[in-house]
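The values are calculated or read from the model by the stated rules, or taken from the named source; none is laboratory data. This is a predicted model, so every value here is computed, not measured. Cβ coordinates were reconstructed from backbone atoms using ideal geometry, including for glycine residues, and neighbour counts include every protein chain displayed. Ligands, DNA and RNA are excluded from the accessible area calculation, which covers all protein heavy atoms including side chains. Shrake-Rupley method; radii C 1.70, N 1.55, O 1.52, S 1.80 Å.
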Amino acid sequence: MHTLDIRLRLDQGRWAAAEALVDAIPVGSDWRGVLISFGYEVDRLPTRGYLLRTAGRPIAVVHPKAEPSEFAKLDPDGRPPEGALLNDCVADGVQYGLLVTGSRFRLFDFS
């Protein structure tokens, strides 16, 4: 919250650009609509989830969940959702992963 409420707000150029992006999101958009409105390409991965690209370059793996409580539930193999996400990020060579549901996002930096 500090990054958004203090650091980003104090940088007027970046704050104005962020406001413009948010204003362009269609009302009621789900995670895919939000990411597409930000200019990302969303490609289905063969086993699970999606790969975000910008200018053709892979940026992040997205694992959609049916509801927010699934952000904390173990998968059938006993892995936490962020563990499966990390494995897919490594496999696809990206630094970022997102757990998403509806319009809620949880961003992970696996650098």
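On a 1.4 Å probe surface of the protein chains, which of L107, L21 comes out largest in accessible area, and what is the full order?
Working: L107 115, L21 80 Å².
Of L107, L21, the descending order of accessible area is L107, L21.
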Treating only the Cβ atoms of Lys and Arg (+1) and Asp and Glu (-1) as charged, compute the dipole magnitude of the chain about its Cα centre; round to the nearest 20 debye. 60
Heavy atoms of I36 accessible to a 1.4 Å probe, total area in Å² rounded to 10: 90
Between region 49-111 and region 1-25, what is the separation of their alpha carbon centroids in Å? 24
Helix 81-92: inclination vs the chain longest Cα principal axis, degrees, rounded to 10, gives 90
Of all accessible heavy-atom area on the chain, the percent that carbon and sulfur account for (1.4 Å): 54
Of all DSSP beta bridges having both residues in the chain, the percent classed as antiparallel (nearest 5) is 75
Got the relative contact order for the chain handy, in percent, Cα pairs under 8 Å and 6 or more residues apart? 20
To the nearest 10 square angstrom, how much accessible area does W15 have with a 1.4 angstrom probe? 50
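Per residue, how much accessible area does the chain show when a 1.4 Å probe rolls over the protein heavy atoms, in square angstrom?
Numbers: 7160 Å² over 111 residues.
That works out to 65 Å² for each residue.
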About the Cα centre of region 1-41, what is the dipole size in debye to 20, counting +1 per Lys and Arg Cβ and -1 per Asp and Glu Cβ, all else neutral? 120
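Calculated FRET efficiency, T54 and H2, Cβ-Cβ r, R0 30 Å, to nearest 0.05? List each step's numbers first, then the result.
Working: r = 26 Å, r/R0 = 0.87.
Efficiency, rounded to the nearest 0.05: 0.70.
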Under the rule of at least 5 residues apart or a separate chain, name every residue whose amide H is placed under 5 Å from the amide H of I59. L52, R53, T54
Calculated from backbone phi, Karplus (6.51, -1.76, 1.60) coupling profile of region 96-111 in Hz, x at Gly/Pro: 10, x, 10, 9, 9, 7, x, 10, 9, 10, 10, 9, 10, 10, 9, 6
Which value, in Å² and to the nearest 10, is the accessible area of S111 when all protein chains are kept and the probe is 1.4 Å? 120
Across region 36-48, in residue order, what do the Karplus-derived ³J(HN,Hα) couplings come to in whole Hz, using 6.51 cos²θ - 1.76 cosθ + 1.60 with θ = phi - 60° and x for Gly and Pro? 5, 5, 7, x, 7, 8, 10, 10, 5, 8, x, 9, 6
Round to the nearest 10 and give me the degree value, 0 to 90, for the angle of helix 12-23's Cα axis relative to the longest principal axis of the chain. 60
